[in-house]
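Trainee: Let me begin by handing over the structure; questions about it come next.
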Amino acid sequence: MGQTGNAQSTVREGAEKAATRGWRAALVEMLIILALYVAYSGSRLFASDSLRPAQRRAAELLDIESALHLSWEPALNQVFAVSRGLSLFGSFWYATAHYVVTAVVLVWLYRRGADAYVPARRALLVGTIIALVAYLLLPTAPPRLFGGYADVLALTSGDGWWGGDASAPKGLGGLTNQLAAFPSLHAGWALWVALVLQRHAPATGWGRWMRIGGWLHALITGLVVIGTGNHWVVDVLIGWLVIWLGFKITSGPAGARLREALERLAH
């Protein structure tokens, strides 16, 4: 009986240690996501807020788009601006879906287990860091600050919680980086949602509709960020690219080193 009692005690101790590590890992996950959001929202504290250079950089992007026949901003912005219903839809989508859908999918992945959640979260983390570096080094004016484009969220600010400063709540516009147009993390995070649902949702039943919904979310977000005057077409394409890079980097040798570093944080 003594040996049996010792064995049971050892099992209980092992379970308690595993539970403790699990809570620590969950806390680290929450802190990482919180740090990501704070860095995203607060990048303006370190980035240049000089509008003229940012507008020149936007003009350079327009030259690239013209060469590639991708100058779709005027037409899309006009469609959103003249339709009251589309303006409200685009504003609510821009101010809400980016945060809510990403958070819901993160929770869904977390509940599916570490094999699904951890690689996806690391890809999101790395892709977002790449974008933040671009915001600091390459401040770029969005269409609404370039001239000749309607600021759809400002036009509809009386109907929602956002003010005239992108999707920031009223009175908090000073806490957001107005020149963080290149790349579009709205578009990037939406593509991340589509990719992880395609990878982890079942291929039949509700899973099939989740996959379709993920791709529709990415498509609608891409159209909304351009139509509301918040991003250029190139911003969307590069936003998708940084998330793709996030997956590529975290799945290679660098990803193994990143995993080791994060695992040490959880102990």
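For (1) part of a loop (DSSP other than H, G, I, E, B); (2) surrounded by fewer than 22 Cβ atoms within 10 Å (Cβ to Cβ); (3) under 13 Å from the mean Cα position of the chain (by Cα); (4) among the basic types (Lys, Arg), each residue gets a yes or a no:
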{"site": "TRP192", "(1), (2), (3), (4)": "no, no, yes, no"}
{"site": "GLY213", "(1), (2), (3), (4)": "no, yes, no, no"}
{"site": "LEU223", "(1), (2), (3), (4)": "no, yes, no, no"}
{"site": "HIS231", "(1), (2), (3), (4)": "yes, no, no, no"}
{"site": "VAL236", "(1), (2), (3), (4)": "no, no, yes, no"}
{"site": "ILE243", "(1), (2), (3), (4)": "no, no, yes, no"}
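Trainee: Checking the conditions here, which among GLU73, GLU16, GLU65, GLU29 is modelled with pLDDT under 95, out of contact with any Asp or Glu (no Cβ under 6 Å at 6 or more places or on another chain) and surrounded by 11 or more Cβ atoms within 10 Å (Cβ to Cβ)?
Mentor: Details: GLU73 fails: modelled with pLDDT under 95; GLU16 fails: surrounded by 11 or more Cβ atoms within 10 Å (Cβ to Cβ); GLU65 fails: modelled with pLDDT under 95.
Unique residue meeting the criteria: GLU29.
Trainee: Ok, one more. What about SER41, is it surrounded by 10 or more Cβ atoms within 10 Å (Cβ to Cβ), on the phi < 0 side of the Ramachandran plot and modelled with pLDDT under 65? So that I can check it myself, show each step before the final result.
Mentor: Numbers: surrounded by 10 or more Cβ atoms within 10 Å (Cβ to Cβ): yes; on the phi < 0 side of the Ramachandran plot: yes; modelled with pLDDT under 65: yes.
Yes: the conditions hold for SER41.
The values are calculated or read from the model by the stated rules, or taken from the named source; none is laboratory data. Predicted model, so just to flag it, every value in this text is computed and none were measured. Here the Cβ is made from the backbone with ideal geometry for all residues, glycine too, and neighbour counts use every protein chain on show.
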